Ligand SMILES: C[S@@+](CC[C@H](N)C(=O)[O-])C[C@H]1O[C@@H](n2cnc3c(N)ncnc32)[C@H](O)[C@@H]1O
C-alpha cells in the first residue's frame, strides 16, 4: 500500500482485512500516524493481524495513554476493575507494587490515582520491564526484572500496601483457543498459567503475606471458572479473602488482605 490519504481509504483497507471496528480504528490510526508513509505502514500492520495497540504503540487504560511495545501484553479494559478494587481497598496506600507488570499499566494507573507513592513494577520478561520502566517513569517508579518476588528489593518486605498481580491465568491447554491477536502477538509467558491456569497465582498467594504490610492487600484477576480455586489459594495463605465481580467488564478479582 503506497498512499492512504483519507479516512475512507483507511476504513476500506481495515474492513477488507476483517476489522470489525474499522471506523473507530481508522480514526485512531489517522490520529497517531505522523506521515503518509507511517500511515500506510500502520494500516498494513493492522491488516496483517497485529493488535491495534501494537500498531498504535499505545493503549488507553484507566484514563491514561500507556505505551505498549511489540511483544508486550496489551492491557485489557477489564483490568481497570482490578485497579478500582485496589483503590477502594487501600486508598491511603503509600507503597505499591505491580507484579507481573507487563507494560506497567496497572502500576501507572494506581500511582496516577494515589498521588505520592513509592512505586515498583516487576516482570520476568525483559521486553515488559523496559516498557514498564517508560510508563512508570512519570511517577518516579522503579522497574525490576525477575521471577515474581525474586525481582523485588528486599527493602519492600513487609511494607507493601497494594500488591497488584495480573498474573497469566489461561490454562495451558486453552492457549491455542485464544484469538490470533493474543496467540500470535503476545508472549506465551504472559498468557499461560499452567495446567489449571492457577500456577502463578498460587505462587503469588503463597509469597504475598511476607511482602505485605499489616492491612496491605494483594489483588489478582481470574476467570469466573477459576474463582473458587483462586479464593482457596488466597485463604490457604492466611489472607482475609473476598471475590469482587464486575458483570459489565466480565472481570473477577480476588482480594486478599494481610490480617
Ligand atoms: C496477563 S499479563 C499482565 C500484564 C499487565 N499486568 C497487565 O495487566 O496488562 C502477565 C504478565 O506476567 C508476566 N509473568 C509471567 N510469569 C511471571 C513470573 N514468574 N514472574 C514475573 N512475571 C511473570 C508476563 O511476562 C506478563 O507480562
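The values are calculated or read from the model by the stated rules, or taken from the named source; none is laboratory data. Just so it is clear, the model here is predicted, and its values are computed rather than measured. Quick reminder, even Gly has a Cβ in these numbers, built from the backbone with ideal geometry, and neighbours come from all protein chains shown.
A few comments on the model shown:
- Residue 231 vs. criteria within 13 Å of the ligand (Cβ to nearest atom) and assigned by TED's automatic domain parsing to the domain that holds residue 108: no
- Filtering the range 239-257 to residues that are in contact with a strand residue (DSSP E or B) (Cβ under 9 Å, 6 or more places away or on another chain) and surrounded by fewer than 22 Cβ atoms within 10 Å (Cβ to Cβ) leaves 240, 241, 242, 243, 244, 245, 246, 257.
- Long-range neighbours under 9 Å by Cβ, at least six apart or interchain, first residue in the same structural domain as residue 102 (by TED's automatic domain parsing) within the range 190-211, second near the ligand (Cβ under 9 Å from one of its atoms) and at pLDDT below 95: none
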